[in-house]
Every structure is written in structure tokens, then in C-alpha cells.
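What follows is a set of notes on a single structure, which appears directly below.
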Amino acid sequence: MSDRSFLDWPFFEDGHRRLADELEAWCGRELDDDEPKDVDSACRHLVRRLGAGGWLRYCVPASHGGVHERLDVRSLALIRETLARHSGLADFAFAMQGLGSGAISLFGSEAQKHAWLPAVAAGEAIAAFALTEPESGSDVASIDSSAVETDEGWALTGAKTFISNGGIADFYVLFARTGEAPGAKGISAFVVPADTPGLDDSERIDVIAPHPLATLRFDGMRLPGEALLGERGQGFAYAMGTLDVFRTTVGAAALGFARRALDEATDRALTRRLGAGMLADNAITQSKLAEMVLDVDASALLVYRSAWLRDTTGRRNSREAALAKLHATDSAQQVIDKAVQIFGGLGVTRGNIAERLYREIRALRIYEGASEVQKVVIARAHLAEHRA
Ligand SMILES: Cc1cc2nc3c(=O)[nH]c(=O)nc-3n(C[C@H](O)[C@H](O)[C@H](O)COP(=O)(O)OP(=O)(O)OC[C@H]3O[C@@H](n4cnc5c(N)ncnc54)[C@H](O)[C@@H]3O)c2cc1C
């Protein structure tokens, strides 16, 4: 059984504690731990079940089928931590409903909200967020997919890559250059239904922890004027504003993977014979476990501090979210590596839980801002404070 004492921390309200308990029970009943052969259908199925269970309502505002008036980051983080501890794919399915629809919740028109958010909350529409391009990942301001205004609306040309849910999504929030200014100020956001003629999302990418992932291509793809999300030229700000809400929750997912690794490694150390005793009696193993406990607790403090700050002040928490994501993802990698070591040969055997977590955690240090990018954000905030 995982340590649940963190739920007593003052970051949470009683509603959060109830949510964590109810979701824990739901996961025990509804999620299995097998690696699916067909990730697309497994993911579609998970989205439907998460919708039916009412969990996706936390991904959208109350005005359009959600639970809270404003997205509640503590709830999102608790849900991601819990799902990740049970199933990486369930966490992925949940997270992408939030990230994929986040810009609509935060900046979309009433019509866009009405068209997509209730379906996202019910698990009836699958969402995706299309920002990264083959020539620009971390350097978001230099994306070069273009959107040109026409008599009927817009014509979009370019490519997006590493798009989660690519190939199974019902719609993409897609960012393209509209040219109001060079760099970050010349980008706009669009809502693109997946069945839009001219959108090719058939090229799939196979990664070490399989998830639906694709490259999108479009050449002169036509969109109506109403596809523009918010204001022209604000796409970069919308992308960053969306990532600001969800970055803390990437740390929460890493925390869930780390907690699972700690639980599994502890059980293994308590039951594996070593000489006259058990692996857990060995001082070097105890030292590993102590470091794992420290990393898990420190990550939880950073993740829930960041979520609490955002929820209770409503202000941007870029520094705290960067600290949470950086520490939780980097240290989860270390925790899981130690779990592999404690499992010995079994830990590198395909399908073993430690081996699966080892593959599952890696991408979290790259997407939604690589660890190095988080360091840039933290150092900038720190230096600005000291120069002021
Ligand atoms: C599994 C997975 C899912 C993804 N899902 C999505 C999605 O749904 N939507 C989407 O738009 N994108 C998605 N991405 C893309 C992801 O956001 C990018 O991979 C990420 O932003 C890094 O971009 P890049 O891969 O082009 O690497 P690059 O930008 O080429 O960076 C390569 C490396 O350079 C280093 N680096 C980068 N910037 C700096 C810096 N400022 N200082 C020092 N070092 C630096 C980092 O180590 C980085 O890993 C996903 C990626 C993966 C792996």
C-alpha cells in the first residue's frame, strides 16, 4: 500500500482527500496492469471509461460539464499521480484530454467551448495539442507552419510531430504562424477537427513506452474563420498559458511512477532472500530505499506546493511549476533506476513492473519543456528577483 500521509498536508481541502480515495477505489476496480497489444484501442477505451467514471470532468470548467469553475490543479495533480501509479496509459489518456482541450477552456470562444468541452468531459471526443514541429521543439517561438487568411477563412500549411493522440484524436488545437510579428508574437491557435480535408495524421511514431503518437501534415488545409482560437497573434501566449497549468501535473505523473517503483521495490526487498535474511535487512538496500523515500517526498512537496499556489492565488506559477516538473521527473528516473537495481535480473526483464516504469518515465524529462528548459525558467526567475 502506498504512503497516503501526504493527503493530510495543508495544501489540500477535504474535497481533494475524498477525490483521492474515490479514485483509488475506482482504479482498483477498473484498471488492469497489462501492457496492451493495441494502444490505440486501449487508449480510446480508457478515455471512454474515464469519462463514464466522471474523472474527465476535472479537465474542463464547470460551465461546460466540469467540476470546478477554474481548472483545479490540485485535483488534476492528484488524479494524475493516482492514475500513473496504476497505469501509465490511463494517466496519458487523462492528461491529454486536459492538455488537448486546455487552450479552449482558457481562451476559446463560447461556440468552441460548447462544441468540444462537454464531449471531452464525457470521454466522447479525444483531444490533442499540436505545437512541436520537425524543426522546432524546445524553441517554440520559431515554429514555421503557416496560416494564411483567405476569403473563406484560413489555409494552413506545415507539419507537426510527436503529437500525442495523433491518429486517434477527434480534434487538434494546432499552432501556426500568422505573421503579425516575427517570433513569439506572430503565432495563432486554431481548433482543427481531425476529419478536416487535407489533414494527414496517418504517420505514426513508435516510442519506448507505446502511446498513440503521430506526425501531422497539411498543405493548404482549409479552415473556417471560426477555427481561430482567441485572438490573432496570441498563440504563443495561449500555448504557454496552457502548459503553465499542466506542467505541474507532469511532475505529478512522475511522482505516481516513482511511488509505484518505491512500493514495488520495497515489497521485493522484504520478500527476497539474501544470505541469512532478506534483501531489506541489508544496509546498502536500506540506504537505497531511504534515498527513494526522500526523493518521493521532496517531489510531492514541490508538486503540491505548485498546485496549491496556482489554485489559491490564481497567479502564474512558472517558477514553482518548473521546480516541480524538474525535480519530480529527474528524481523519478533515479528512484525507478534504484527499483530496477533492487529487482536485479528481473528488473530488466521485459514486462516486469520496474522495467516498464523505466521506459515509462523517460519521456517526461523531455516533453512539456525539457529539464534544461525548466532550469532556464528557474534561473531567470531567481536572477530577476536578485537583480530587482
Ligand atoms: C512521448 C512524447 C510526447 C509528446 N507529445 C507532444 C504533444 O502532445 N504535443 C506537442 O506539441 N509536442 C509533444 N511532444 C514534443 C515535445 O514537446 C518535444 O520533444 C520537446 O519540446 C523537445 O523538443 P525536441 O524533441 O525537438 O528537442 P530539441 O528542441 O531539439 O531539444 C533537444 C535537447 O536539447 C536540450 N535543450 C533544449 N533546449 C535547451 C536550452 N534552452 N538549454 C539547454 N539545453 C536545451 C534538451 O536536452 C533537449 O532534450 C512530445 C514528445 C514526446 C517524446
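Quick notes on this one:
- Cα-based shape type of segment 263-388, given that a ≥ b ≥ c are square roots of the gyration tensor eigenvalues and the cut on a/c is 1.5: prolate
- Heavy-atom accessible area, probed at 1.4 angstrom with all protein chains present, ranks L270, L262, L323 as L270, L323, L262, highest first.
- Over all other residues within a Cβ to Cβ distance under 12 Å of I284, the charged ones net out to 0, with Lys and Arg as +1 and Asp and Glu as -1.
- In terms of its C-alpha gyration tensor, segment 123-202 has an oblate overall shape, because the principal axis ratio a/c (a ≥ b ≥ c, square roots of the eigenvalues) is not below 1.5 and a/b does not outweigh b/c.
- In a fully extended conformation the segment linking L7 and R222 would gain 72.5 nm over its present Cα-Cα distance, using 0.36 nm per residue.
- Charges were assigned to the Cβ only: +1 to each Lys and Arg, -1 to each Asp and Glu. The resulting dipole of segment 223-291 about its Cα centre is roughly 300 debye.
- Inter-site label distance for T313 and E69 at 7 Å from Cα along Cβ, in nm: 2.0
- Taking 28 Å as the limit for the C-alpha separation, the pairs K37/K325; K37/K160; K288/K375; K37/K375 exceed it in the case of K37/K325; K37/K375.
- Each Lys or Arg adds one and each Asp or Glu subtracts one; over the other residues with Cβ under 12 Å from the Cβ of E152, this totals -2.
- Rounded to the nearest 20, the Cβ-based charge dipole of the chain about its Cα centre (Lys and Arg +1, Asp and Glu -1) stands at 880 debye.
- Taking all protein chains as shown and a probe of 1.4 angstrom, W55 keeps an accessible surface of around 20 Å².
- Computed on the chain, with alpha-carbon pairs under 8 angstrom and 6+ residues apart, the relative contact order is 15 percent.
- Note on E22 and V293: their simple-model spin labels are 3.3 nm apart, each label 7 Å out from Cα toward Cβ.
- Extension gain for the segment T271 to E110, taken as residue separation times 0.36 nm less the Cα-Cα distance, is 52.3 nm to one decimal.
- Residue-averaged 222 nm ellipticity for the chain, from DSSP H runs of 4+ at -39500 (n - 2.57), nearest 500: -17500 deg cm²/dmol
- Environment charge of E81, counting only residues whose C-beta is closer than 15 Å and scoring Lys/Arg +1, Asp/Glu -1: 0
- Largest-first ordering by accessible area, 1.4 Å probe, given options D34, D139: D34, D139
- Rg to Rh, two decimals, where segment 121-256 supplies the alpha carbon set and Rh follows Kirkwood: 0.96
- Whole-angstrom gap from segment 78-148 to segment 203-259, using each part's C-alpha centre: 5
- Across the options S287, L228, I187, the greatest Cα extent toward the positive end of the charge dipole of the chain (unit charges at beta carbon of Lys, Arg, Asp, Glu) belongs to S287.
- Only protein heavy atoms count here; under a 1.4 Å probe, S63 has an accessible surface of about 80 Å².
- I163 accessible area, assembled protein chains, probe 1.4 Å, Å²: 0
- Shape of the chain, Cα gyration tensor, a/c cut at 1.5: prolate
- Candidates V47, V377, V335: whichever shows maximal mean-square fluctuation once the chain is modelled as a Gaussian network with Cα springs under 10 Å: V377
- Accessible-area ranking of R350, R305, R57, largest first, probe 1.4 Å: R350, R57, R305
The values are calculated or read from the model by the stated rules, or taken from the named source; none is laboratory data. Values in this document were obtained by computation on a predicted structure and should not be read as measured data. Don't worry about glycine lacking a Cβ; one is built from the backbone with ideal geometry, like all the others, and counts go over all protein chains shown. The protein model used for the area step is the full one, side chains on, heavy atoms only, and it has no ligands, DNA or RNA in it. Shrake-Rupley method; radii C 1.70, N 1.55, O 1.52, S 1.80 Å.
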